[in-house]
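This report concerns only the one structure given below.
The values are calculated or read from the model by the stated rules, or taken from the named source; none is laboratory data. A quick note: this is a predicted structure, and the numbers were derived from the prediction, not measured. Every residue, glycine among them, receives a Cβ derived from its backbone with ideal geometry; neighbour counts consider all protein chains shown. SASA here: full protein model, heavy atoms, side chains in, ligands and nucleic acids out. Shrake-Rupley method; radii C 1.70, N 1.55, O 1.52, S 1.80 Å.
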Amino acid sequence: MKRVAEVLLQYLLVFLVGNVRCIDNELYNYLNQTEPVTRQLYEFKLQHSKPIGILTTSSGKLVEIRESVTLNSDAFSNQYHLDLITHADAERIPERMVHAKGGGAFGYFEVTHDVSKYIKADVFNNVGKVTPVVVRFSTAVQNQGGNDLAREMKGLAVKFYTKEGNLDLLCINFPVFFYRDALDFPNFVHAFKRNPKTNLYDFTMRWDFVTKRPDTIHAILWLLSDYGIPNGYRKMDAFPIHTYEIYNKKGERFFVRFNFRTEQGIENLPTWVAQIIAARDPDYYNRDLYNAIEKKEYPAWKLEMDVMSFDGIKKVSYNPFEVTRLWKKGNYHTVQIGRLVLNRNPDNYFRIVEQSAFNPGNLVPGILGGLDNMFKTRRMSYRDTLTHRLGVNHNRIDVNTPVYWKVYDRDGVPPLKDNMKDAPNYYPNSFNGPVPYVDPSKPKERFTVYETNAVDLEPASYFYNHYLTEDQRMRLINNTVPFVLPVAPYMQKRVIRLLTLVDQDLGGRVEQLLQKLLKQPPPSPPQALKVPRKKYDDHHEDDEYNFNQYMGSTIKSHD
């Protein structure tokens, strides 16, 4: 019945938009020439010809119209007033430490290819199977009110609502990550966020960290290249970074890297274009995503996986689990899985996007996860931060609730759902509480990965020399130098030395352009509109005169 009502409302909206021309030409132009994100409120009005109900307090008491103001009344006996004010004091939850600003949408994942040979996960089997998803996009370093177009990595996190539990794949728009030691996470974030004294982004902090941790340079080159500023979330690829261990129904093991490939085509913005857009619309990415979905131009990505066999992964000449490098061509083959399609905007941003909780440890049978220490740390860290931000029952918030769940976790800060009602709250028990199952195909043999502290700059060199064209290399250099220009001379030397170790041509060209810019005078201060002080003072004196005149007349009237 609810679905029928929604369809009828949509038809009514189409009818109104199509027939309003003869009534009001201005309204017709508004509805047909403005973008969906701009006319959202008016469309709500078209769908609701009358107020949607009587206003109440949080306890359900109807609000009488005289309670909607507190002037000349006892404000503290007005429960509606107290409800509104005290709720506003507490309506914000902690901001995400990273990926604070973002957007999101609902959609579905459809299996298009048979991959049962490699993986037993139900969500990826049976061609034509459709699984609902929620996706959150984000920009990594910006605070909630920040700029979508900042040069930094972008995130795409997918939650698949499968019959076997929620599967979360957390991706970024580069196929390599910035560090491989989990211990570097808080230091990396601190260096790339704000200086604790100035509260400003600080290039010295960033380059100091990068030159002290040279394994970051591969991802830094991706960041400074054309890939650093995508033309919106819809036009970028996304990668979960880690090498996942998977298995099929026979217990055979494979190792894969998942890739989401945009069907909109990869588009990136040059720095100067991004700066122009950012000046007029810092919410450009979120606006673009919302409008595309409302226009039924549904964004889509193909999901594929690069596959290595259990025997093959033992024979490669590098660490295939290292997140700071790409797999070498010839060591793997690529398999198509399906399509991710986004077709519905959230009805409330905070309810869906802000309360969404993604955790790389949310896996399903057939996917064992990454074997590297980074992945193991993330499994612990993400759950901890979600508990801090949303409470210990974050997986019982509607947007995070799995299709099926039976747990022994009880109580805590709401929401609780049914809190498992009267079922036993301990395991094992003799009274038919939920019991675990046996997965006979789950591999029993343990695979151990030994990691090294040695820094390998070859992947970064390969990216510069073989992945990029000459035009792209020139733009990378032009993007790099402005970030090096403001730092102290000794730090500039450290940066150039690291880039030279990656490739002599790269280091030499950055140094050459840097020296050229250092000889130029600093930019002039911006031209501002100045208000004559005398004019301001004259108005101020008039105000003082009028005030004195008013006070004098008031005193006389009392006399």
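Going by what's in this entry, would residue 95 be described as farther than 30 Å from residue 190 by Cβ, of a type in the set (D, E, K, R) and open to solvent by less than 90 Å² (accessible area, probe 1.4 Å)?
Values: farther than 30 Å from residue 190 by Cβ: no; of a type in the set (D, E, K, R): yes; open to solvent by less than 90 Å² (accessible area, probe 1.4 Å): yes.
It is false that residue 95 is farther than 30 Å from residue 190 by Cβ, of a type in the set (D, E, K, R) and open to solvent by less than 90 Å² (accessible area, probe 1.4 Å).
Being aromatic (Phe, Trp, Tyr) and closer than 17 Å to residue 151 by Cα is the filter here, so list the residues in region 190-228 that pass it. It would help to see each step written out before you state the result.
Step one: filter region 190-228 for residues aromatic (Phe, Trp, Tyr), giving 192, 201, 203, 207, 209, 222, 227.
Those that are aromatic (Phe, Trp, Tyr) and closer than 17 Å to residue 151 by Cα: 192, 201, 203, 207, 222, 227.
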How many residues are closer than 15 Å to residue 177 by Cα, in a strand (DSSP E or B) and of a type in the set (A, V, I, L, M) when one looks only at region 199-251? 1
Check 206, 213, 257, 194 and return the single one that is within 30 Å of residue 498 (Cβ to Cβ), basic (Lys, Arg) and surrounded by fewer than 18 Cβ atoms within 10 Å (Cβ to Cβ). 194
Anything in region 63-85 that is surrounded by 11 or more Cβ atoms within 10 Å (Cβ to Cβ) and either in contact with a strand residue (DSSP E or B) (Cβ under 9 Å, 6 or more places away or on another chain) or part of a helix (DSSP H, G or I) (or both)? List them, or say none. 63, 67, 68, 75, 79, 80, 81, 82, 83, 84, 85
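Residues checked against (1) assigned to a helix (DSSP H, G or I); (2) open to solvent by 30 Å² or more (accessible area, probe 1.4 Å); (3) of a type outside the set (D, E, K, R):
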position	(1), (2), (3)
361	no, no, yes
364	no, no, yes
368	no, yes, yes
374	yes, no, yes
377	yes, yes, yes
386	yes, no, yes
389	yes, no, no
395	yes, yes, yes
406	no, yes, no
Taking region 418-441 only, how many residues are open to solvent by 100 Å² or more (accessible area, probe 1.4 Å) and either closer than 27 Å to residue 367 by Cα or of a type in the set (D, E, K, R) (or both)? 7
Across (1) open to solvent by less than 40 Å² (accessible area, probe 1.4 Å); (2) free of Cβ contacts under 8 Å to residues at least 60 places away in the same chain; (3) out of contact with any Ser or Thr (no Cβ under 9 Å at 6 or more places or on another chain), residue 286 clears everything bar (2)
Considering 219, 191, 238, which residue is farther than 30 Å from residue 302 by Cβ and either more than 19 Å from the chain's Cα centre (by Cα) or of a type in the set (A, V, I, L, M) (or both)? 191
For region 472-490, state whether one or more residues are open to solvent by 80 Å² or more (accessible area, probe 1.4 Å) and part of a loop (DSSP other than H, G, I, E, B). yes
Restricting region 43-58 to residues that are open to solvent by less than 100 Å² (accessible area, probe 1.4 Å) and not β-branched (Val, Ile, Thr), the one farthest from residue 27 (Cα to Cα) turns out to be 55
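Residue-by-condition table, conditions (1) without any contact (Cβ under 8 Å) to a residue 60 or more places away in the chain; (2) not basic (Lys, Arg):
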site	(1), (2)
203	no, yes
218	no, yes
229	no, yes
243	no, yes
255	no, yes
261	yes, no
268	yes, yes
275	no, yes
Flagged in region 148-170 as open to solvent by 10 Å² or more (accessible area, probe 1.4 Å), assigned to a strand (DSSP E or B) and under 29 Å from residue 206 (Cα atoms), in numbering order, are 157, 170
Residues that are part of a helix (DSSP H, G or I), closer than 28 Å to residue 373 by Cα and among the polar types (S, T, N, Q), drawn from region 452-470: 461
